[in-house]
Structures are given as C-alpha cells and as structure tokens.
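Below is one structure, written out as structure tokens; comments come after it.
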Amino acid sequence: LRQLYLNNIPSLKALPASSVGAWTKLKVLHINGCTLSSLPESISSLSELTMVALNGNSFESLPRGIGKWTKVEKMFLNDCKSLHQLPESISGMESLEKLYINNSGLTSLPKSIGALSKLS
C-alpha cells in the first residue's frame, strides 16, 4: 500500500492502531472530511510519507512522534477546528515545505517550527 484515500466518511471516528503501523511503505495519506477524534501514535512510524492531508477532522492534537515524518513535504490540516496545538516535535519534519492550517483551532505555533528551513 503506497497511497491511501479515506475521504468524506463521517462514520470514520478512529483508525486501528495495529493496522496503521503496518503501512510501512505508505507515501500519501489522505483522510479528509471524517470525524477522527484522535490519531494513533503508531501513525508516527510511517516514515516513508511524503504528503499528509488530514483536513476537516476532529482531533485536538497530533501525535508527538510526527517529527519522524522526515520526508513529508506537504501537510494539510485545514478545517480542523478542534486542533489546538502542534507538537514541538514538528521540527523533525525537515523536508516540510508547505503547511496548510487554514480555519483551524490553533491559537499559536510551537517555537520549534522556526527550525523548518524549507517551510515557505
């Protein structure tokens, strides 16, 4: 599995933690317009990801381990109105060029975001 698209499934409230960790070759992850209230920490182990779109979900935070997503170039978190904070570990996302967080619940950004030299 290299690409996964789960879009506009309001009944999708959680991902099975045991399955997510097995998606080791996943490069593109789209879970948009669902009602995910949290993401399993095992999602952090998806080290081959290059693009992540989690628009329109209900989680309040992202797993601390997202800093392991060193190959992610684009991340979309638009319309995540319950998202109140990004983890400090985001600084580990060294390939991140674009971060879209429009219409979210964020009130501030972590100081570590300044370490992302490719972010524009």
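Over the stretch 43-84, what per residue volume does the convex hull of the Cα atoms give, in whole Å³?
Cα convex hull per residue, to the nearest whole number: 63 Å³.
Where in the stretch 16-114 are there GluC sites (Glu not before Pro) that are in a DSSP coil and have at most 16 other Cβ atoms within 10 angstrom of their Cβ?
Sites meeting the loop and neighbour criteria: E48, E60, E73, E94, E97.
List the relative contact order of the stretch 1-95 as a percent without decimals, with contacts defined as Cα pairs under 8 Å and 6+ residues apart.
Contact order relative to length: 24 percent.
For the chain, what does the helix formula give at 222 nm: sum of -39500 (n - 2.57) over DSSP H segments with n ≥ 4, over the residue count, nearest 500 deg cm²/dmol?
Taken over the chain, the calculation gives -500 deg cm²/dmol.
What distance in nm lies between label points placed 7 Å from Cα along the C-beta direction at Q3 and N78?
A separation of 1.9 nm, rounded to one decimal place.
Extension gain K27-R64, at 0.36 nm per residue separation less the Cα-Cα distance, in nm?
11.4 nm
Report the Cα-based extents of the chain along its three principal axes, largest first, to the nearest Å.
35, 29, 20
Just name one of S19, I9, G65: the one whose Cα is farthest towards the positive end of the charge dipole of the chain (beta-carbon charges, Lys/Arg +1, Asp/Glu -1).
S19
Any idea how far the Cα center of the stretch 99-120 sits from the one of the stretch 54-73, in Å?
Each part's Cα centre sits 12 Å from the other's.
Set the bar at 20 Å for Cα to Cα. Now go through K68/K118; K25/K81; K25/K118; K71/K98; K25/K98 and name every pair that lies beyond it.
Check vs 20 Å cut-off fails for K25/K81; K25/K118; K25/K98.
A short reminder: the numbers here are calculations on the coordinates, not readings from a lab. Computed from a prediction, not measured in an experiment: that's the story for all the values here. Reconstructed Cβ throughout: ideal geometry from the backbone, glycine too, with neighbour counts over all protein chains shown.
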